[in-house]
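Structure, as structure tokens:
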Amino acid sequence: MTEMSGADMVVQALVDLGVDTVFGYPGGAVLPIYDALYKHPTIQHILVRHEQAATHAAEGYARSTGKPGVVLVTSGPGATNAVTGITDALLDSIPMVVLTGQVSTALIGTDAFQECDTVGITRHCTKHNYLVMDPDRLGPIMHEAFHIATHGRPGPVVIDIPKNVQVATGQYVIPEKIAHKSYRPQVEPDADAIAQAVAMIAASERPIFYTGGGVINAGPDASAALRQLVALTGAPVTSTLMGLGAFPSDDEKWLGMLGMHGTYEANMAMNRADLIIAVGARFDDRVTGRLDAFSPDSKKIHIDIDRSSINKIVPVDLAIVGDAGRALDAIIAGWQAAGHNGRDLGEWWRRVDGWRATRCLDFPEKKDASAEIMPQRAVKALFDATRGLDPIITTEVGQHQMWAAQHFGFAAPNRWLTSGGLGTMGYGFPASVGAQIAHPDRLVICIAGEASLQMNIQEMGTVSQYRLPVKIFILNNEWMGMVRQWQELTYESRYSNSYSDSLPDFVKLADAYGWTGLRIDNLGQLEDGIKKMIETPGPVIVDCRVAQLANCFPMIPSGAAHTEMLLQPSDVTGTMDDEAKALV
Amino acid sequence: MKIKTEAGERHVLAITVDNEAGVLAKITGLFTARGYNIESLTVADITADHALSRITIVTSGPPPIIDQIIAQLDRLVPVHKVIDLNDAGEAHVEREIALVKVAGTGDKRIEALRMADVFRAKVVDTTLTSFIFEITGTSDKVDRFIALMRECGLVEVGRTGVVAIARGSEAL
Ligand SMILES: Cc1ncc(C[n+]2csc(CCOP(=O)(O)OP(=O)(O)O)c2C)c(N)n1
Ligand SMILES: [Mg+2]
């Protein structure tokens, strides 16, 4: 116990919690904390250019390291600007702690300058939030907040700290051991449920693993356990957008991503399976397609740390509440103890191979050097050029994101950072900043759309300031391509406000910020352009011009079943009824 | 296109939570955000140190939705325990209090008093032209009493909402 100011306590707690980096932006209501930071050189503060970017950078930091991301912003507009990233972290279960300044306690509720009801605004987009009215509470709350953000299903926690609480002094107390009085997520899976799962897997003729972001959140050991269990059982594996990297994409058991823009083989296998083993995935509508047609003949095992995810959308036969890694380990142990050898899944694999033979990710393209670049080709070329470099890939949101998910392969977790649940344009570039800060020597590439990039393009200044060698690879189709694609499918190609008009000259923009700018116009320039991007030290922006009207296939139109995939443009009929139009 | 809604059965949930600012907002907000019903809600602190509050919520929905409501409530950080009192079947007691003000003179006034007697409502205030009755019972009983009082000069009603507790010696 030591007497110190609230602001010093905040910084001391960060030090004690092992925080090395804070992403933030100053303002009146956090000046005491900024002053305290000034005296603590061990904590690196990354000054962003917009608070939303601080939150996404913190997400990028968290997703690429497994450690919580930390954000510091001022009251009022600082806090409201952070809301999008906080919500993004909630939907994608990213551990994050956001410290917001607040007006002094006496002014709360008076519509004071830069006052907003931060705890009210963030109540439903945080895992938990606090308004600290007493400096003596700061120590315990800081430590508890990090505990909550990182335990159970991870998520964002906001601590709103009035300015006078930062200035006043109090006792800094480090709680000895955090056993929260009400928040005690179940981590250890139930042994009976594990035994049942082992028996169900052993009895299955057509099993499939359907894995999600929970496997990544459970840490690298969970990914290793998944690999081991797949090897033992011989079953195919598919994953959600958030789960990419938990299972190596070059393994023959890998079917690719499932869902709306997933592969034909993944979706067909889900549909025809007799057993789905869902691990840290939440049966999102982008994954299931039409619910009444979702995997009609399968039994379902659902492993999740969050009980409310189980039976929320799809009723399951066996629920296992617990940490994904521990549950997988327990199943492996049970499998080995029972002496199972794995059934002969040859017939199942023959069917899977039949679906694979459609080669659903193939795309038509011209091969001459002057040909326009198909966006899929650009992603493939980027993947080929970075093999062995173990890059971290972030994406914005749109077609380019789906093409990246389809055509970029990942061998390990924590290398694929994308906004899944909220689908936040403007996520990818700041997330790459956070990832690069955490991994200064790694190759970090943001695969961007020209429209999304502009949502947080101001962060080029941050990158310049900290000399981060971030690479932005724009798949520039001059359209909000994903919007245009839906308008084509649903609204008879009435392209209402989806053209990316008045684009900046990205090469000149790079120059203005002291970056290197490159432009790739045709297929002949693609490989060299990518090579140059990788070899150029410092930040690089690549304006890669791609076919403007390419659409992302395969696709399950909203409201359709897994078996009703559109594989190519000619499958599109161009009209849709109101029921389908009403689905997002 | 028409939007469909699903009917469901009535459930009484008892929830213990930290007695802190914002917790009630968190809970009611969860109901609005996820589109669940609240038919009645009561809250008061229940421990000597004022650390815990008990919230009683009457909601309705098909069984999977009720399960989902419980799971969603249970994972909130300040929530200690959630009990579906319907799981105890008929084995729980529900009470609600209403204060019912009736104004009038003559026959109506006499009729109101007679009816109150039948319902075992207490007179807690009286003037020459009005009564305030206090009635305790299930929501049904309170509903029926209020309906009768409408015929006898009802001018104002205040209701507490439902509190409920499981029968037997076990605690929540
Ligand atoms: C903040 C935000 N606003 C709007 C949307 C809706 N939206 C989804 S994709 C998209 C277009 C993205 O365009 P671009 O970044 O160029 O990517 P492309 O689809 O062309 O690859 C839009 C507007 C969104 N996801 N996020
Ligand atoms: Mg675009």
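Hey, can you grab everything whose amide H is under 5 Å from the amide H of A:Leu566? Only 5+ residues off in sequence or another chain; H modelled, so Pro and N-termini drop out.
A:Met555, A:Ile556
Is there a simple number for the mean count of other chain Cβ atoms within 10 Å of the Cβ of residues in A:118-131, and what is it?
3
Over the stretch A:1-125, what is the relative contact order in whole percent, taking alpha-carbon pairs under 8 Å and six or more residues apart?
Contact order relative to length: 24 percent.
Output the pairs from A:Lys299/B:Lys2; A:Lys67/A:Lys532; A:Lys312/B:Lys81; A:Lys380/A:Lys532 with a Cα-Cα distance over 28 Å in this structure; if there are none, say none.
Check vs 28 Å cut-off fails for A:Lys299/B:Lys2; A:Lys67/A:Lys532.
Tabulate in residue order the Karplus-calculated ³J(HN,Hα) for the stretch A:576-581, using 6.51 cos²θ - 1.76 cosθ + 1.60 with θ = phi - 60°, rounded to whole Hz; enter x for Gly and Pro.
Calculated HN-Hα couplings, in order: 8, 7, 5, 4, 5, 5 Hz.
Relative contact order of chain A: what whole-number percent is it, with Cα pairs under 8 angstrom and at least 6 residues apart?
Once divided by the residue count of chain A, the mean separation gives 14 percent.
Using only the Cα atoms of the stretch A:191-356, build the gyration tensor, take square roots of its eigenvalues as a ≥ b ≥ c, and label the shape rounded, prolate or oblate: rounded if a/c is under 1.5, else prolate if a/b is larger than b/c, else oblate.
Cα axes put the stretch A:191-356 in the rounded bin.
Can you sort B:Leu148, A:Leu526 so the residue with the fewest Cβ neighbours within 10 Å comes first?
B:Leu148, A:Leu526
For A:Ala561, what residues show an amide H to amide H distance below 5 Å, using hydrogens built from the backbone and excluding near sequence neighbours?
A:Arg290
Is the C-alpha gyration tensor of chain A telling us rounded, prolate or oblate? Criteria: a/c under 1.5 is rounded; beyond that, a/b larger than b/c is prolate, otherwise oblate.
Since a/c reaches 1.5 but b/c is at least a/b, the shape of chain A is classed as oblate.
Counting only other chains, and only Cβ atoms inside 10 Å, what mean value do you get across the residues of A:306-314?
4
Please give the helix B:63-74 orientation as an angle from the longest Cα principal axis of chain B, in degrees from 0 to 90, rounded to the nearest 10.
Approximately 80 degrees, to the nearest ten.
If you rank B:Val162, A:Val433 by fewest surrounding Cβ atoms within 10 Å, what's the result?
Ascending Cβ contact count within 10 Å gives the list B:Val162, A:Val433.
With the Cα gyration tensor of the stretch A:96-168 giving a ≥ b ≥ c as the square roots of its eigenvalues, does the rule (a/c under 1.5 for rounded; else a/b larger than b/c for prolate; else oblate) give rounded, prolate or oblate?
Here the stretch A:96-168 falls in the oblate category.
I need the phi-derived Karplus couplings for the stretch A:28-43: 6.51 cos²θ - 1.76 cosθ + 1.60, θ = phi - 60°, integer Hz, Gly and Pro marked x.
Working through the residues one at a time gives x, 7, 10, 4, x, 5, 4, 5, 5, 5, 3, 8, 10, x, 6, 9 Hz.
List, in order, the whole-Hz ³J(HN,Hα) value for each residue of the stretch A:462-472 obtained from phi through the Karplus relation with A = 6.51, B = -1.76, C = 1.60 and θ = phi - 60°; use x for Gly and Pro.
Coupling constants for the stretch A:462-472: 4, 4, 5, 4, 9, 6, 8, x, 5, 10, 10 Hz.
Which whole-number percent gives the relative contact order of the stretch B:9-88, counting Cα pairs below 8 Å spaced six or more residues apart?
Averaging sequence separation for qualifying contacts and normalising by length gives 46 percent for the stretch B:9-88.
Only the coordinates and a few stated rules stand behind these numbers; no lab work does. This is a predicted model, so every value here is computed, not measured. Note that each Cβ is placed from the backbone with ideal geometry, even for glycine, and that neighbours are counted across all protein chains shown.
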